[in-house]
Amino acid sequence: MRNVTYRNVHNRFRLNGVYLNKEDLVHVSYSLVKEGDEFEKSIGDFLLDWFDNKPYIDLQTSGTTGVPKVLRTDKQTMVNSALATGDFFELKPGDKALYCLPTRFIAGKMMLVRSFILGLDIDFVAPSSNPLERNETVYDFAAMVPLQAKNSIAALRNVKKLIIGGAQMSKELEKSLLKLKTKVYETYGMTETMTHIAAKKIGEKAFTVLPRITISQNDQKCLVIDAPRVAKEPIITNDIVEILNDKQFIFLGRIDNVVNSGGIKMLPEQIEEKLSNAIPTRFFVGGVPDEVLGEKLVLVLEGEKKEFDLTLFDLLNKYEKPKEIFFVPKFSETDNGKIKRKEILANL
């Protein structure tokens with residue numbers, strides 16, 4: 001690992017086209033906090049926290065691996081994560097990058113850390129649902145959530161390499177992105193791992209882990225991540241996976257989404273995969289209480305109630321076929337675009 005610490009600011013680092021050293025960056029941060037828009041204040045607050053005298057920073061987790069909590073993190077571990085990302089995606093000093101994520105999430109914070117640690121030439125814009133609107137700049141690297149990518153399809157011709165995370169990508173979006181010349185990757189990670197620890201090119205099944213990370217499974221087939229440079233202890237996730245080798249795994253579903261219907265355990269994500277090309281609207285399957293089965297499998301569709309072609313269930317085996325169909329006008333979501341499955345199911 002290169003001898004880079006959290007106190008470093010790369011001499012090729014530029015922010016909105018201006019070369020800045022550490023002292024300049026602190027000065028700019030004060031200005032952003034005092035005079036900037038809300039998203040700029042958030043950037044300024046984070047940078048001031050980063051360049052204070054403490055070797056750690058407090059991060060809010062999203063609850064991916066449990067109850068949301070404040071995670072005290074060594075800044076050096078975030079630097080190590082930035083270096084691993086730079087190696088994996090072959091980022092070079094001077095590469096032009098776009099910053100369009102909310103700074104309150106770890107993915108946003110890490111884009112800033114990567115920029116001044118790796119020496120990127122980064123532009124920031126408000127974290128809107130269409131961040132490339134009216135943009136003509138060509139970017140070497142950008143990170144987005146699926147909604148931003150979906151709304152930026154036409155403009156992505158100006159992005160050479162794009163990583164997408166925060167929520168699972170739909171098959172429809174994946175098909176659209178596969179038509180582009182842009183190199184697009186889906187990432188896997190969480191706050192506890194300093195954002196992504198693995199990535200895969202869209203269209204591929206398996207995630208490949210970043211350098212210096214090893215993976216295994218527990219007795220429940222859930223992924224266990226050993227990333228000593230970014231986490232002191234192995235992280236046990238709620239994600240059921242198939243491990244192909246010591247560097248690759250296939251995501252199958254979340255253990256907390258498993259439906260146990262009459263003793264038959266089913267992964268909703270696997271059923272959704274089979275239906276993904278047949279249902280044009282957003283949907284998911286899940287379990288609701290049932291007096292006979294304990295849980296029964298249901299299909300939940302976003303939108304107004306309408307006729308549904310039941311022959312689509314021919315794509316499924318007899319246990320996977322939903323027992324009931326519900327329509328919800330608009331799915332509730334987390335701030336980073338994940339559907340609140342449990343909340344929606346509880347209100348059916």
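The values are calculated or read from the model by the stated rules, or taken from the named source; none is laboratory data. These numbers were taken from a predicted model, which means no experiment stands behind them. Ideal geometry is used to build each Cβ from the backbone, glycine not excepted, and the neighbour counts take in all protein chains shown. All accessible areas refer to the heavy atoms of the entire protein, side chains included, with ligands and DNA or RNA removed. Shrake-Rupley method; radii C 1.70, N 1.55, O 1.52, S 1.80 Å.
Given 20 °C and 1.002 mPa s, how large is the Stokes-Einstein diffusion coefficient of the stretch 203-348 in µm²/s, with Rh as the Kirkwood radius over Cα pairs? The estimated diffusion coefficient comes to 126 µm²/s.
Using the Cα atoms as the points, what is the convex hull volume per residue of the stretch 211-265 in Å³? Walk me through the numbers before you get to the answer.
Values: hull volume 4.5 nm³, N = 55.
Given the Cα convex hull of the stretch 211-265, per-residue volume reads 82 Å³.
A probe of 1.4 angstrom, applied to the heavy atoms of all protein chains, finds S42 with accessible area near 40 square angstrom.
As a length-normalised measure over Cα pairs under 8 Å and 6 or more apart, the relative contact order of the stretch 1-158 settles at 25 percent. Taking a ≥ b ≥ c as the square roots of the eigenvalues of the alpha-carbon gyration tensor, the stretch 300-348 is classed prolate because a/c is 1.5 or more and a/b outweighs b/c. Cross-link check: pairs K41/K69; K221/K330; K109/K232; K54/K247; K69/K201 evaluated at a Cα-Cα cut-off of 26 Å; pairs beyond the cut-off: K221/K330; K54/K247; K69/K201. Taking amide H positions as modeled 1.01 Å from N, with prolines and chain starts lacking one, the residues under 5 Å from V184 and 5 or more places away or on another chain are L162, I202.
Rounded to the nearest 20 Debye, what is the dipole magnitude of the chain about its Cα centre when Lys and Arg each give +1 and Asp and Glu each give -1 at the C-beta?
Details: 49 positive and 47 negative charges, 151 e Å.
My answer is approximately 720 debye.
Extent of the stretch 114-259 along its three principal axes (Cα atoms, max minus min coordinate, largest first): 50, 37, 24 Å.
Ranked highest first by average number of other Cβ atoms within 10 Å, how do 118-126, 279-287 line up?
Working: 118-126: 20.7, 279-287: 17.8.
Going by the mean number of other Cβ atoms within 10 Å, highest first, we get 118-126, 279-287.
Averaging the sequence gap over all C-alpha pairs within less than 8 Å and six or more residues apart, then dividing by the number of residues, gives the stretch 78-158 a relative contact order of 33 percent. Look at the Cα gyration tensor of the stretch 89-154: its axes a ≥ b ≥ c give a/c of at least 1.5 with a/b at or below b/c, and that counts as oblate. Taking label points 7 Å from Cα along the Cα-to-Cβ direction, L310 and S276 give a separation of 2.8 nm. In the chain, Cα pairs under 8 Å separated by at least six residues give a relative contact order of 11 percent. One chain, two ends: N3 and E90. Fully extended at 0.36 nm per residue, the span grows by 29.5 nm beyond their Cα-Cα distance. The length gained on full extension between K247 and E291, counted as 0.36 nm times the residue separation minus their Cα-Cα distance, comes to 11.5 nm. Within the shell defined by Cβ-Cβ distances under 10 Å, the residues around D121 carry a net charge of 0, with Lys and Arg each +1 and Asp and Glu each -1.
FRET efficiency for the pair D226 and Y56, taken as 1/(1 + (r/R0)^6) with r the Cβ-Cβ distance and R0 = 25 Å, rounds to 0.70.
Using 0.36 nm per residue, how much length does the chain from E324 to L178 gain when fully extended, once their Cα-Cα distance is taken away? Mind dumping the intermediate values first?
Details: separation 146, 0.36 × 146 = 52.56 nm, distance 3.39 nm.
Full extension from E324 to L178 adds 49.2 nm.
Using a Förster distance of 30 angstrom, determine the FRET efficiency expected from the C-beta separation of D74 and N21, and round it to 0.05. Efficiency, from the Cβ-Cβ distance: 0.85.
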